[in-house]
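One structure is given below, encoded as structure tokens.
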Amino acid sequence: MTHCIACHSVNPAVDGSVGPALKGSALELIEARVMRAEYPPGYTPKRSTHIMPRLPLETDDVKALHAFLNAP
């Protein structure tokens, strides 16, 4: 939440002021965006902005984020 809510909504199912909704995001997408500030091969972005930076998260953090975003 600390890193994400500046651009994405507190509710991951709702678009944020700059970033799109994150609910249901694939692990491959989260890893690429968070750890490398890029998109996975063949992925079409929801928005055309490229302002999201890499974030200081480890692989286990990204897996936990993926679990949170995909929880019922």
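Scanning the range 35-64 for residues being outside any loop (DSSP other than H, G, I, E, B), aliphatic (A, V, I, L, M) and surrounded by 13 or more Cβ atoms within 10 Å (Cβ to Cβ) gives a total of 2. Considering Ala6, Ala32, Ala13, Ala67, the condition of being exposed (fewer than 15 other Cβ atoms within 10 Å of the Cβ) and either among the aromatic types (Phe, Trp, Tyr) or assigned to a helix (DSSP H, G or I) (or both) is satisfied by Ala67 alone. Is it true that some residue in the range 18-27 is in contact (Cβ under 8 Å) with a residue 12 or more places away in the chain, open to solvent by less than 90 Å² (accessible area, probe 1.4 Å) and in a helix (DSSP H, G or I)? So far as the range 18-27 goes, yes, one or more of its residues are in contact (Cβ under 8 Å) with a residue 12 or more places away in the chain, open to solvent by less than 90 Å² (accessible area, probe 1.4 Å) and in a helix (DSSP H, G or I).
The values are calculated or read from the model by the stated rules, or taken from the named source; none is laboratory data. This structure is a prediction, so every number in the text was calculated from the model and none was measured. All Cβ positions, glycine included, derive from the backbone under ideal geometry; neighbour counts span all protein chains shown. Accessible surface areas use protein heavy atoms only, side chains included; no ligands, DNA or RNA. Shrake-Rupley method; radii C 1.70, N 1.55, O 1.52, S 1.80 Å.
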